[in-house]
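For reference, the structure is listed below as structure tokens.
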Amino acid sequence: MITVQRAYKYRFYPTPEQAEQLARTFGCARYVYNHFLKVRTEAWYETQKRVGYNDTAKQLTALKKQPETLWLQEVSNVCLQQSLRNLDTAFKNFFQGRAKYPTFKKKHARQSVRYTTSGFSYRDGQIKLAKHKEPLTIRWSRRFTGTPSSVTVSKDSAERYHVSILVEEDMAALPFSKQETGIDLGLTHAVITSGGKKVNSHHYFKQSEKTLARAQRHLSRKQKGSANRAKAKLKVARIHARIADQRLDFAHKLTTQLIHENQVVAAESLQVKNLLKNRSLAKAISNVGWHQITTMLAYKAQWYGRSFVQIDKFYPSSKRCHACGHLADAMPLSVRQWDCPACGTRHDRDVNAAKNILKAGKAILAGADKLRE
């Protein structure tokens, strides 16, 4: 058994009063984030002083008492404090080189606020937020065990409301499996396993591309600020949301199957951000969702007692013969099958790469820090 923090996400349908209160909360949290982002930025440029979370928390108390910002008192203070913590985390990520400099939050983008234990109650299977008279009407697609430690409420650009509940759960490891697999991530096939199985890539964006293009043309003809433009914009957002949901569903089903069937899963370490700079392949790479797949494999392996390992991105998995280890001089993408000049074995390019990835991954798990070419 292993104790993990797990988030359960559900859709809910607010009443008009709840929607109004949530809109007010989103706006206040966004204002606090943007206000103190400006304060911290100006403090650095003017006096080279770093303003931390504790300083902003004290200033927030004073800000709520000012006549022009008394409306900040209409929402839960927990959400405003969490907004400051999110800002502080954004700065820490920037200073440690994990992210770019924080930017201002926009009104028309995805909105979210987080409630900690003092900002909500969970009784009899219902969640009630601070400053709300009634519990949320949640569509419970599945149940969870444990007590929620925080609740994040969000509204996406398609105007759908979701609640994400963070709980601590005891996860039981899956029974030991003798199977092991290496996976090669591709475009025509999303995943190619070392056992020769090829999982086709579902072109969700391509399936909706014509509908999306038509909706975007209608949007471009609408006058800015008009009600018709808002309707057209919502239609475009809903098409994008459906595509994203399809990709997410595919990635979850694929990664769950791989983790349940194999004790060890090895994959490549791909710099997806850099690969997306290729204008010819960017759309296809985004459609497959390589980063999403590897991220899911990592945390699901931890949950279920499996081993997931990623090999070095420069390891020559495609041009090395898995049978004898011969390394070819070059292997253009146009070459899909090739014969090893050393042992004569005929290779499917992707399956051979997957077999090499599995070998390299097992070597890393065995303690080999570096792989020699």
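Given the C-alpha atoms of the stretch 327-368, compute the convex hull and give its volume per residue in Å³.
Numbers: hull volume 3.7 nm³, N = 42.
Per-residue hull volume (Cα only) is 88 Å³.
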With all protein chains present, how much of the accessible area of the chain (probe radius 1.4 Å) comes from carbon and sulfur, to the nearest whole percent? 50
How large is the helix-only mean residue ellipticity at 222 nm for the chain, computed as the sum of -39500 (n - 2.57) over DSSP H runs with n ≥ 4, divided by its residue count, in deg cm²/dmol to the nearest 500? -14000 deg cm²/dmol
At 25 °C and 0.890 mPa s, the Stokes-Einstein diffusion coefficient in µm²/s for the stretch 2-171, with hydrodynamic radius from the Kirkwood sum on alpha carbon pairs, is 142
Using only Cα atoms and rounding to the nearest 10 degrees, what angle (0 to 90) does helix 227-261 make with the longest principal axis of the chain? 40
Calculate the dipole size of the chain relative to its Cα centre from +1 charges on Lys and Arg beta carbons and -1 charges on Asp and Glu beta carbons; express the result in debye to the nearest 20. 1540
For residue 341, what is the net charge nearby, where nearby means another residue's Cβ is under 14 Å from its Cβ and Lys, Arg count +1, Asp, Glu -1? +1
Span from the the stretch 268-317 Cα centroid across to the the stretch 212-242 one, whole angstrom: 32
Per 0.36 nm of contour for each residue apart, how much would the distance between residue 73 and residue 117 grow if the chain were fully extended, relative to their Cα-Cα spacing? 13.9 nm
Calculated FRET efficiency, residue 4 and residue 280, Cβ-Cβ r, R0 51 Å, to nearest 0.05? 0.80
Given 131/155; 92/277; 105/133; 9/300; 38/233; 65/106, the pairs whose alpha carbons are separated by over 21 Å: 92/277; 105/133; 38/233; 65/106
For the stretch 1-51 and the stretch 136-211, compute the distance between their C-alpha centroids and round to whole Å. 25
Can you give the net charge of the other residues whose Cβ lies under 15 Å from the Cβ of residue 169, counting K and R as +1 and D and E as -1? +3
Starting from the 7 Å offset along Cα-to-Cβ, what nm value, one decimal, do you get for the label separation of residue 13 and residue 141? 1.6
Taking amide hydrogens as modeled 1.01 Å from N in the peptide plane, which residues meet the under 5 Å criterion relative to residue 161, leaving out close sequence neighbours? 12
Would you please give the FRET efficiency between residue 200 and residue 222, computed as 1/(1 + (r/R0)^6) with r the Cβ-Cβ distance and R0 = 45 Å, to the nearest 0.05? 0.75
Please work out the FRET efficiency for the pair residue 39 and residue 336, using the Cβ-Cβ distance as r and a Förster radius of 41 Å; give the result to the nearest 0.05. 0.10
Using the scaling law 2.2 N^0.38 Å as the reference, what is the normalised Cα Rg of the stretch 43-105? 1.26
Listed candidates [x] 26.3; [y] 21.8; [z] 24.3 - label of the one calculated as mean projected area of the Cα convex hull in nm²: [z]
Accessible surface of residue 76 - all protein chains present, 1.4 Å probe, nearest 10 Å²: 10
Multiply the residue separation of residue 64 and residue 46 by 0.36 nm, subtract the distance between their alpha-carbon atoms, and state the gained length in nm to one decimal. 4.0 nm
DSSP beta bridges in the chain, what fraction antiparallel, as a percent rounded to 5? 85
Simple spin-label model, 7 Å along Cα-to-Cβ: residue 57 to residue 231 in nm? 4.8
Ranked highest first by average number of other Cβ atoms within 10 Å, how do 322-329, 31-38 line up? 31-38, 322-329
Can you tell me the length gained on complete extension of the stretch residue 187 to residue 303, counting 0.36 nm per residue apart and subtracting the Cα distance? 38.9 nm
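The values are calculated or read from the model by the stated rules, or taken from the named source; none is laboratory data. Nothing here was measured: the structure is a model prediction, and the numbers come from that model. Glycine also receives a Cβ, built like all others from the backbone with ideal geometry; neighbour counts cover every protein chain displayed. What goes into the accessible areas is simple: the full protein's heavy atoms, side chains included, and nothing from ligands, DNA or RNA. Shrake-Rupley method; radii C 1.70, N 1.55, O 1.52, S 1.80 Å.
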